[in-house]
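The values are calculated or read from the model by the stated rules, or taken from the named source; none is laboratory data. Worth saying up front: this structure is predicted, and the values here are computed from it rather than measured. Here the Cβ positions follow ideal geometry from the backbone for every residue, glycine too, while neighbour counts run over all protein chains shown. When the accessible area is computed, the model is the full protein with side chains, heavy atoms only, and any ligands, DNA or RNA have been set aside. Shrake-Rupley method; radii C 1.70, N 1.55, O 1.52, S 1.80 Å.
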Amino acid sequence: MINFEPDEQQLNMRRLAQKFARNTIRPVAFEYDDAETPPWPVLAQAAQQGLMSYRYPEQYGGSGIDSVLTACLVSEEFGWGCAGIGNNLLAGDTGVLPILLNGNSEQKSRYIPQFCDKKQVRTGAFALTEPNAGSDISAIRTTAVPDGNDYVINGEKTMITAAGIADLYIIFAQLEHAGITAFIVEADSTGLSIGGTYRKTGMRASQVGSIQLKNVRVPASNRLGEEGQGFYIAMRFFEYNRPVLAALAVGVARAAYEYALEYAQKRVQFGQPVISNQAISFMLADMATEIDAARLLVWRAASLVDKNLPANAQASMAKVYATDMAVKATNNAVQILGGMGVMRDHPVEKWARDAKVLQIVEGTGQIQRMIISQLVSTGKN
Ligand SMILES: Cc1cc2nc3c(=O)[nH]c(=O)nc-3n(C[C@H](O)[C@H](O)[C@H](O)COP(=O)(O)OP(=O)(O)OC[C@H]3O[C@@H](n4cnc5c(N)ncnc54)[C@H](O)[C@@H]3O)c2cc1C
């Protein structure tokens, strides 16, 4: 039987995230969107409540809730609160998950406990993109050269979430004769500097910047996985993380839908609420339907990952559908509010800006469709 009912633990985590989104994220979402700065007090409270470490094993101080499906339930609530702040809450995973999935026990016990400290906010960054290598990951030019017991890394990374605030970076570099290789690089490593941060359309509470790597010396013990395994490490991470990002988009769309529904019920024109017009109620009907459809794709992809089954294409389906849907739903929410939709007095214009960013980050819609079409044409995930 196919079961769509979350279990007790999932419901508890969702309730915790819901409460946090309603009471702590949403009230400051617009302040941080304006300020374009990381929401440190929100992150501190999330850390305290275990919302930044619940996914990590108990042996390192986390709550040991390793289900990706649970992470999706939580992420949807974060997205409902604010996708920009939500992305900060998820940034730790971009450093920790690659270590959890590919690291050895020494690397795990060295780096993961600090991310489970409830008194301190820790965050990570996953640094793959370069000025000449965005969709085409294989084109990265950052190099790693073995030197004694170290590797020496040189290059530049661009558009990296949490650049400048991360405590550790997962850096991908080309290694001669082996190919793309991943490294754990500590933020205070000599030669690592932040080139600057970007001003963005949406998700503005989430800091994104570039990283310069000049003769950064990384001990061989910080190589993640084997030499040449970097591409696989990146793909495996995406399989885990794309459903979670897709869930963030579902949350954004749900926020816009709820707001537009209430507005359409209250706003009277021609002597009746605007929702009485089929042109408006059908837009809301489509939103409700497509939000549900996106959520089910997210849950399906996450369930496959949780069962350790191939989920590459299904994760891409969830990502492309949920983010396209969120762009459409938030734009229709703007339309339903009429002139007020584009005014900053109402939140829907922010949600539309946030949704647009989600359509691009961690692989554009075009790249997700390329992955899905491989499944369609070969039958292989
Ligand atoms: C807010 C934000 C946060 C980000 N955070 C991170 C991060 O933490 N770590 C990280 O490594 N990267 C990060 N990125 C980078 C992101 O992954 C890239 O922006 C994305 O993969 C696209 O690469 P690009 O911007 O270079 O676009 P390009 O690859 O230059 O693509 C340009 C256009 O061409 C299309 N295109 C490219 N190739 C094809 C093809 N073969 N077929 C059809 N269409 C194609 C693309 O879909 C796009 O529309 C972030 C980006 C943003 C906007």
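So the values come out like this:
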read-out	value
Simple label model, 7 Å out from Cα along Cβ direction - ALA279 to THR201, nm	2.5 nm
Heavy-atom accessible surface of the stretch 49-119: percent carbon and sulfur, 1.4 Å	43 percent
Dipole moment magnitude, nearest 20 debye, the stretch 102-218 about Cα centre, only Lys, Arg, Asp, Glu C-beta charged	560 debye
Residue-wise HN-Hα coupling along the stretch 12-25, computed from phi with Karplus coefficients 6.51, -1.76, 1.60 (Hz; x: Gly, Pro)	5, 5, 5, 4, 4, 5, 4, 4, 5, 5, 6, 8, 10, 7
Rounded tilt (10° steps) of 278-306 against the dominant C-alpha axis of the chain	30 degrees
Spacing of the two label points (7 Å from each Cα toward its C-beta) at GLN366 and GLN120, in nm	4.3 nm
Helix 312-336 vs. the chain, principal-axis angle (Cα, 0 to 90°, nearest 10)	40 degrees
Spatial separation of Cα centroids for the stretch 330-381 and the stretch 126-169, in angstrom	27 Å
Positive-end residue of VAL96, ALA326, LEU337, charge dipole of the chain with Cβ unit charges	LEU337
HN-Hα J in Hz across the stretch 33-39 - Karplus 6.51, -1.76, 1.60, θ = phi - 60°, x for Gly and Pro	5, 5, 6, 6, 10, x, x
Listed residues MET159, MET287, MET343, most fluctuating in the chain (Gaussian network, C-alpha, under 10 Å)	MET343
At R0 = 35 Å, FRET efficiency that the Cβ-Cβ distance of GLU186 and LYS307 yields, to 0.05	0.50
Loop trypsin sites (Lys or Arg not before Pro), the stretch 130-199 (other Cβ atoms within 10 Å of the site Cβ: 14 or fewer; DSSP)	ARG141, ARG199
Cross-link pairs beyond the 24 Å C-alpha cut-off, checked among LYS200/LYS328; LYS200/LYS266; LYS19/LYS119; LYS319/LYS350; LYS19/LYS356; LYS307/LYS356	LYS200/LYS266; LYS19/LYS356; LYS307/LYS356
Contour minus Cα-Cα distance for MET340 and GLU176 (0.36 nm per residue)	53.4 nm
Gyration tensor (Cα) of the chain, equivalent ellipsoid semi-axes in angstrom	36, 21, 20
